[in-house]
Amino acid sequence: MIQRVLITGSSGLVGDALVSALTSQGVEVIRLDIKEHGAAHGDVRDRERVQAAIAGADGVVHLAAVSRVIWGEREPDLCWSTNVGGLQNVLGLAAASPRRPWVIFASSREVYGQCDHLPATEDCQVRPVNVYGRSKVAGEQLVITAQRDGVRACTIRLSNVFGSTTDHTDRVVPAFARAAALGHELRVDGADQTFDFTHIEDVTRGVVTLTELLTRSVTVPPPIHFVSGAPATLGELAATAIRIAGSRSRIRLAPPRDFDVSRFFGSPARAKEMLGWSPRINLEDGLTRLIHAFRDTDSAARMQETTP
């Protein structure tokens, strides 16, 4: 039975969902995030703060990062010091802890860059094309080194996780869902760009299952995808959002950004084989939920504005 789990990046999309999921199972969760308040506030670059948070933990889910490609391009030094330096702190302190907690490191499909063959498996060559992707490759190498030093650390790779109205408003899925729900214009940067969109509930379920495996087993798995395995272009995503919303939103086409991967979708076969995990919420269902949630949020806001 897991007793205490530290979640870095606990206020992010995946972190917040994971806190709720583990807490509902009776796990004591330790939060750490620069956006948290009080005792949970902390920066993973601060070794002393990480040391205090990891004390007594049976496991660590390391999600804290400069978590978006565009942010990495704008602030490469911050991206590197957080994504690589922060992980170094976590792994080093896990190795030094008397409890020897396991560590799950959240990596990204960005490590592959432009894959030659799709769907990508976890054994595909890593060829990142941006700062964020390179920081995640460096992180995965740190995990391998830590494993050799006796830390039960492993890597998961995520792809375009979505499903919450509290996510960053300019991330593509919530941006399209909200615009379609409210009848606004959808700007599509590269209509043929193809990605693997994975619902937050599926990702959370996968991570929880992995924590259970690490709790009962002394061996650690190789890198694991938590992905939908279903490709969709940004043009298809925008059109689907508008259709589901039944809105009159228009699509404005723009060229793709030069630092983005143009095509990715991954295979979830290893997660199925090792964890019995498969995605359950497809893009259509996830978008439908999100669009309804944005409309409910907008309606509630409007009612609050008109209430004397």
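For the structure I just gave you, tell me whether residue 173 is at pLDDT 95 or above, over 17 Å from residue 288 (Cα atoms) and out of contact with any His (no Cβ under 7 Å at 6 or more places or on another chain). Spelling it out, it is not the case that residue 173 is at pLDDT 95 or above, over 17 Å from residue 288 (Cα atoms) and out of contact with any His (no Cβ under 7 Å at 6 or more places or on another chain).
Among residues of region 212-239 being surrounded by 18 or more Cβ atoms within 10 Å (Cβ to Cβ) and among the β-branched types (Val, Ile, Thr), the one that is farthest from residue 71 (Cα to Cα) is 220. The number of residues in region 233-282 that are outside any loop (DSSP other than H, G, I, E, B), under 27 Å from residue 125 (Cα atoms) and in contact (Cβ under 8 Å) with a residue 40 or more places away in the chain comes to 9. Can you find even one residue in region 182-201 that is within 29 Å of residue 292 (Cβ to Cβ), crowded, with 20+ Cβ neighbours inside 10 Å and among the small types (Gly, Ala, Ser)? So far as region 182-201 goes, no, none of its residues is within 29 Å of residue 292 (Cβ to Cβ), crowded, with 20+ Cβ neighbours inside 10 Å and among the small types (Gly, Ala, Ser).
I'd like to check something: does region 61-77 contain any residue that is touching a residue at least 24 places away in the same chain (Cβ under 8 Å), among the β-branched types (Val, Ile, Thr), closer than 30 Å to residue 172 by Cα and in contact with a Gly (Cβ under 7 Å, 6 or more places away or on another chain)?
Looking for residues that are touching a residue at least 24 places away in the same chain (Cβ under 8 Å), among the β-branched types (Val, Ile, Thr), closer than 30 Å to residue 172 by Cα and in contact with a Gly (Cβ under 7 Å, 6 or more places away or on another chain), one finds at least one in region 61-77, hence yes.
Each row is one residue, and each column tells you yes or no for (1) at pLDDT 95 or above; (2) within 22 Å of residue 134 (Cα to Cα); (3) more than 20 Å from the chain's Cα centre (by Cα).
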{"residue": "6", "(1), (2), (3)": "yes, no, no"}
{"residue": "20", "(1), (2), (3)": "yes, no, no"}
{"residue": "27", "(1), (2), (3)": "yes, no, yes"}
{"residue": "34", "(1), (2), (3)": "yes, no, no"}
{"residue": "62", "(1), (2), (3)": "yes, yes, no"}
{"residue": "67", "(1), (2), (3)": "no, yes, no"}
{"residue": "78", "(1), (2), (3)": "yes, yes, no"}
{"residue": "92", "(1), (2), (3)": "yes, yes, yes"}
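Within the set 174, 98, the sole residue that is of a type outside the set (S, T, N, Q) and without any contact (Cβ under 8 Å) to a residue 12 or more places away in the chain turns out to be 98. Could you give me the residue pairs with C-beta distances under 6 Å whose first residue belongs to region 35-53 and is surrounded by fewer than 15 Cβ atoms within 10 Å (Cβ to Cβ), whose second residue is not in a helix (DSSP H, G or I) wherever it lies, and which are 6+ apart or on separate chains? Close Cβ pairs satisfying both conditions: 35/11.
The values are calculated or read from the model by the stated rules, or taken from the named source; none is laboratory data. Quick caveat, the model's predicted, so the values are computed rather than measured. No Cβ is skipped: glycine too gets one built from the backbone with ideal geometry, and neighbour counts run over all protein chains shown.
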